[in-house]
Amino acid sequence: MGNAMRTTCKLLSLYLFIILFFQGCATYPPPPVHYPPPPPEQTDTISANFSRQAATQVRQGRLDLAAATLERGLRIAPKDAMLWSQLAEVKLKQHQYQQARSLAEKSNSLAGSYPGIVEKNEQIIEEALLQAADR
């Protein structure tokens with residue numbers, strides 16, 4: 001019985017060694033990486049940069065470029081009421097009255113507690129209606 005017990009212990013030890021050895025060699029996929037959305041202050045800074053750039057382009061009379069700049073900004077910050085309002089104003093200057101009105105209404109839906117933006121949008125909507133009626 002002594003030899004049989006020793007052989008069993010050796011086989012059991014070898015079996016445990018093999019299990020532990022291969023367990024150490026196992027690879028597991030890395031955990032998925034979750035990127036958080038940019039912090040609000042970073043989004044605000046990005047929006048402000050697009051807003052300033054578009055304002056400069058409007059002053060230079062480059063309305064198509066200003067509209068494209070604001071549209072890029074809105075792809076990054078789609079809930080920025082100010083960018084929507086600026087784009088509405090550019091469309092108004094481009095005589096695209098229906099689109100200007102629609103964009104101003106979108107801005108109003110996002111403006112929340114910013115009465116200055118809502119007031120500006122109401123002016124854009126009113127002007128768009130007047131200009132469209134004159135045509």
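The values are calculated or read from the model by the stated rules, or taken from the named source; none is laboratory data. Just so you know, these numbers come straight off a predicted model, no measurement behind them. No Cβ is skipped: glycine too gets one built from the backbone with ideal geometry, and neighbour counts run over all protein chains shown.
Observations on the model:
- Test result for Gln23, more than 30 Å from Ile125 (Cα to Cα) and either assigned to a helix (DSSP H, G or I) or modelled with pLDDT of 95 or more (or both): yes
- Scanning region 47-66 for residues that are among the hydroxyl-bearing types (Ser, Thr, Tyr) and touching a helix residue (DSSP H, G or I) at 6+ places or on another chain (Cβ under 7 Å) yields Ser47, Ser51.
- Selection from region 59-89 of residues that are of a type in the set (D, E, K, R) and outside any loop (DSSP other than H, G, I, E, B): Arg59, Asp64, Glu71, Arg72, Arg75, Glu89
- Cβ pairs under 6 Å, 6+ apart, first in region 122-135 and within 13 Å of Gln98 (Cβ to Cβ), second small (Gly, Ala, Ser) and assigned to a helix (DSSP H, G or I): Ile124/Ala88; Ile124/Ala100; Ile124/Ala104; Ile125/Ala104; Ala128/Ala100
- Selection count where residues are more than 17 Å from Ala67 (Cα to Cα) and among the basic types (Lys, Arg), scope region 95-133: 1
- Filter result for Thr56 (surrounded by 10 or more Cβ atoms within 10 Å (Cβ to Cβ), assigned to a helix (DSSP H, G or I) and either over 47 Å from the mean Cα position of the chain (by Cα) or at pLDDT 85 or above (or both)): yes
- Within region 75-116, the set of residues being surrounded by fewer than 21 Cβ atoms within 10 Å (Cβ to Cβ), under 15 Å from Arg52 (Cβ atoms) and modelled with pLDDT of 95 or more is empty.
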